[in-house]
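Asker: This is the structure, below, for whatever I ask next.
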Amino acid sequence: MGSELPSGWQSMELEKAMDVILDYRGKSPKKTKSGVPLVTAKIVKDGRINDATEFIATDDYDSWMRRGLPKTGDVLLTTEAPLGEVAQIRDARIALAQRLIALRGNKEILDNTFLKYLLQSSTVQNELLSRSTGTTVVGIKQKELRKITLNLPPIDEQRKIGDILGTLDDKIELNRQMNRTLEAIARAFFKAWFVDFEPVKAKAAGATSFRGLPQAVFDELPNGFTDTGQGPVPVGWDIVPLSDLVELIGGGTPKRKTAEYWDGDIPWFSVRDAPNDSDVWVIDTEEKITESGVANSSAKIMEKGTSIISARGTVGRLALTAVPMSMNQSCYGVTGGKGVGGYFVYFTLHHAVVELQQRTHGSVFDTITRKTFDGMSRARPQPEVLSAFEDVVDPYLMKMRGNLFESAVLRSIRDTLLPKLISGELRVPVAEGGANGD
């Protein structure tokens, strides 16, 4: 496209298109355990604001936000550590931390949703980087940010572009929220059955059935508990080492210098590929290896539904493999042994993560080993109960898996459309009097 703008477009510096610029750099609020969510640069990632882990007191909000209050629709931009992450505010009751600037476009000139995607475009990201300073920590000063060039189509076309891209992101966000709910349901089943022993408690109290548990399985449950010295467990449920319930698979890294081992079609998992808890499944990885890479290293291909746990350095990150994949040697693949299903393994590990982390050792890196699993005890449920759990939670987990694949397709569509729409290479039809599609 060169320097020539599409018909009807205009170019201007960012500051001239703004109604409000909120900059809270240079201030550090007093943080509390609850209250108003504090949005920091580290939770603005991949186009959205992740859940806040820090807060400020409600009574401090007005005094802290003296420079101006954010509004729904404002666009957040991280100015350093990292530079250039972008998200749009959905809930205005937030406090802004350092290294964040909130931008609100002049509604006659600039649509905020369009601004969100414009800031994510390679053109603007490259200009942010070119105007940044610093070597170890790269950042941009407000006076330089104000000079960023924005190429703007007519406002009606901006809104249409924002609607197209925003609809895709909204569906991705809906899938994310749905997966969080589905994961919570599955986790609640695990806790009720295997941590709190609610079905056995119900039977001991005289109940004749339990929600979600097949009647034939309920009828075979014990109706009492025995004290094992590690707390009461259902009669007949043996206390065994965790290593008796699972089988561990080691990983490996093909030689980096051998090109034919890399850039294949076999996903190769490392800790950076671990999903958020609410996603559970890992559907793809940053790096991939070849069959030759597997054959000439200690890497192995794990079946779909294998749990992966990071075992060295950042210990305890979990994933379920959505497709067959391999992994590096800093992780274990974990499958069920002796009739134990994959979902039971995953949620057992999820429940045991804190204890696993506490049992790490190593002079340089925290590490869990096979002996770590030997030293942890868990109750072994009846085979019928284990099988019933797999059947009950499978629809929830499979729906989550499907949502992740759908979201991956939606992201691909969005990422393909974004540069074309933002640059004017692809025009969109708007109401009469606006820009017309090519």
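None of the figures in this text is laboratory data; all of them are computed from the coordinates on show. Model, not experiment: these values are computed from the prediction. Cβ atoms come from the backbone with ideal geometry, glycine included; neighbour counts cover every protein chain shown.
Asker: Considering Cα pairs under 8 angstrom that are at least six residues apart, work out the relative contact order of the chain and quote it in whole percent.
Answerer: Details: 807 pairs, mean separation 65.8, N = 438.
Relative contact order for the chain comes out at 15 percent.
Asker: Here's something else I'd like to know. If you take every residue apart from Leu410 with its C-beta less than 9 Å away from the C-beta of Leu410, what net charge results, scoring Lys and Arg +1 and Asp and Glu -1?
Answerer: On the way: positive: Lys171, Arg411, Arg414; negative: Asp169, Glu406.
That sum, taken over residues with Cβ under 9 Å, equals +1.
Asker: Here's another thing I want to ask about it. Calculated FRET efficiency, Gln142 and Asn276, Cβ-Cβ r, R0 35 Å, to nearest 0.05? Don't jump to the answer; show the numbers that get you there.
Answerer: Values: r = 32 Å, r/R0 = 0.92.
E between Gln142 and Asn276, to the nearest 0.05, is 0.65.
Asker: Which FRET efficiency value, to the nearest 0.05, do you get for Ala92 and Asp219 by plugging their Cβ-Cβ distance into 1/(1 + (r/R0)^6) with R0 = 35 Å? The partial results should precede the final answer.
Answerer: Working: r = 54 Å, r/R0 = 1.54.
Here the calculated transfer efficiency is 0.05.
Asker: Suppose R0 equals 25 Å. What FRET efficiency, 1/(1 + (r/R0)^6) with r the Cβ-Cβ distance, do Tyr61 and Lys107 give to the nearest 0.05? Intermediate values should be presented prior to the final figure.
Answerer: Numbers: r = 26 Å, r/R0 = 1.04.
Between Tyr61 and Lys107 the formula returns 0.45.
Asker: Let me ask something additional. Among Met12, Pro29, Pro419, which residue has its Cα positioned farthest towards the positive end of the charge dipole of the chain, with +1 placed on the Cβ of Lys and Arg, -1 on the Cβ of Asp and Glu, and the dipole taken about the Cα centre?
Answerer: Looking along the dipole axis, the top candidate is Pro29.
Asker: Please list the helices of the chain that count as membrane-span-like by this rule: a mean Kyte-Doolittle hydropathy of at least -0.5 together with Cα atoms stretching 20 Å or more along the helix axis, each helix being a complete DSSP H run.
Answerer: Taking the DSSP H segments of the chain (at least 20 Å long, mean hydropathy at least -0.5), we get 155-190, 342-358, 383-423.
Asker: Something else about it: Only helical DSSP H runs with n ≥ 4 go in: add -39500 (n - 2.57) per run for the chain, normalise by residue count and round the 222 nm mean residue ellipticity to 500 deg cm²/dmol.
Answerer: Details: 12 runs with 146 residues, N = 438.
Value at 222 nm, helices only, nearest 500: -10500 deg cm²/dmol.
Asker: When the chain is fully extended, how far beyond the present Cα-Cα distance does Thr53 get from Gln329, taking 0.36 nm per residue of separation? Mind showing how you got there, number by number?
Answerer: On the way: separation 276, 0.36 × 276 = 99.36 nm, distance 3.09 nm.
Stretched fully, the Thr53-Gln329 segment lengthens by 96.3 nm.
Asker: To make sure I understand the rule: partners must be lysines, Cα under 27 Å from the Cα of Lys27, and not fewer than 8 residues away in the same chain. Which ones qualify?
Answerer: Straight-distance partners of Lys27: Lys16, Lys42, Lys45, Lys71, Lys116, Lys141, Lys143, Lys147.
Asker: Sticking with this one: For a quick protection proxy, order the peptides 114-122, 155-163 by their average other-Cβ count within 10 Å, most packed first. Present the calculation step by step, with values, prior to reporting the outcome.
Answerer: Working: 114-122: 22.8, 155-163: 21.0.
Per-residue Cβ counts within 10 Å, averaged per peptide and sorted highest first, yield 114-122, 155-163.
Asker: Non-local amide H neighbours of Cys331 (under 5 Å, H modeled in plane, Pro and chain starts lacking H): which ones?
Answerer: Distant-sequence amide H within range of Cys331: Gly251, Ala311.
Asker: Run down the aspartates and glutamates and flag those whose C-alpha is under 18 Å from the C-alpha of Lys338, throwing out any fewer than 8 positions away in its chain.
Answerer: Asp238, Asp244, Glu247, Glu303, Asp374, Glu384, Glu390, Asp391
Asker: Treating cross-link reach as a plain straight distance, find the lysines whose alpha-carbon is under 16 Å from the alpha-carbon of Lys171, omitting any fewer than eight places away in the same chain.
Answerer: Reachable lysines: Lys399.
Asker: In whole angstrom, note down how far apart the Cα centers of the stretch 41-78 and the stretch 8-27 are.
Answerer: 18
Asker: Take each of the peptides 315-322, 125-132, average the number of other beta-carbon atoms within 10 Å over its residues, and list them starting from the highest. Don't skip to the answer; put the middle values down first.
Answerer: Values: 315-322: 21.9, 125-132: 14.9.
Final packing ranking: 315-322, 125-132.
Asker: For Thr367 and Arg180, compute 0.36 nm times the residue count separating them, minus their Cα-Cα distance, and round to one decimal in nm. Present the calculation step by step, with values, prior to reporting the outcome.
Answerer: Values: separation 187, 0.36 × 187 = 67.32 nm, distance 2.90 nm.
Taking Thr367 through Arg180 to full extension adds about 64.4 nm, to one decimal.
Asker: Of the options Leu242, Gly293, Gly336, report the single residue whose Cα projects farthest towards the positive end of the charge dipole of the stretch 200-339 (beta-carbon charges: Lys, Arg +1; Asp, Glu -1).
Answerer: Farthest towards the positive pole: Leu242.
Asker: With charges set only on the Cβ (+1 for Lys and Arg, -1 for Asp and Glu), what does the dipole of the chain come to about its Cα centre, in debye to the nearest 20?
Answerer: 1240
Asker: So, one more: Can you compute the modelled spin-label distance between Gln358 and Arg256, with each label point 7 Å from Cα toward Cβ, in nm?
Answerer: 3.7
Asker: With an 8 Å cut-off on Cα pairs and a minimum separation of 6 or more residues, tell me the relative contact order of the stretch 243-380 in percent.
Answerer: Working: 290 pairs, mean separation 39.8, N = 138.
Here the relative contact order equals 29 percent.
Asker: Give, as ranges by residue number, the residues of the stretch 15-37 whose backbone N falls under 17 Å from the point 7 Å along Cα→Cβ of Ala81.
Answerer: Label zone hits: 24-31.
Asker: Would you mind pulling out the separation of the Cα centroids of the stretch 285-340 and the stretch 160-178, in Å?
Answerer: When both Cα centres are located, 32 Å separates them.
Asker: Share of antiparallel DSSP beta bridges in the chain, in percent to the nearest 5? Please report the intermediate quantities before stating the final value.
Answerer: On the way: 50 of 56 bridges.
If we restrict to bridges inside the chain, about 90 percent are antiparallel.
Asker: Still on this structure, please answer the following. Which option, (1) 19.4; (2) 23.4; (3) 27.4, is the value of mean projected area of the Cα convex hull in nm² that was calculated from these coordinates?
Answerer: It is the one labelled (3).
Asker: Please give the net charge around Ser270, taking every other residue with its beta carbon less than 14 angstrom from that of Ser270, where Lys and Arg add +1 and Asp and Glu add -1. Present the calculation step by step, with values, prior to reporting the outcome.
Answerer: Working: positive: Arg256, Arg272, Lys288, Arg312, Arg317; negative: Asp273, Asp284, Glu286, Glu287.
Residues near Ser270 contribute +1 overall.
Asker: Could you list the residues of the stretch 100-127 with an amide nitrogen less than 13 Å from a label point located 7 Å from the Cα of Leu5 in the Cα-to-C-beta direction?
Answerer: Residues passing the 13 Å test: 109-110.
Asker: How much net charge surrounds Tyr261 when only other residues with a Cβ under 13 Å from its Cβ are counted (Lys, Arg +1; Asp, Glu -1)?
Answerer: Values: positive: Lys255, Arg256, Lys257, Lys288; negative: Glu260, Asp263, Asp265, Glu287, Glu291.
Around Tyr261, the surrounding residues sum to -1.
Asker: Now for a different question. With a/c under 1.5 counting as rounded, go ahead and sort the stretch 146-203 into rounded, prolate or oblate using the C-alpha gyration tensor (a ≥ b ≥ c being the square roots of the eigenvalues; past the cut-off, prolate if a/b is larger than b/c, else oblate).
Answerer: Working: a/c = 9.11, a/b = 4.04, b/c = 2.25.
Prolate, since a/c reaches 1.5 and a/b exceeds b/c.
Asker: Given the peptides 284-293, 81-90, arrange them by the average over their residues of other C-beta atoms within 10 Å, most packed first.
Answerer: Working: 284-293: 17.2, 81-90: 19.1.
So the order, starting with the most tightly packed, is 81-90, 284-293.
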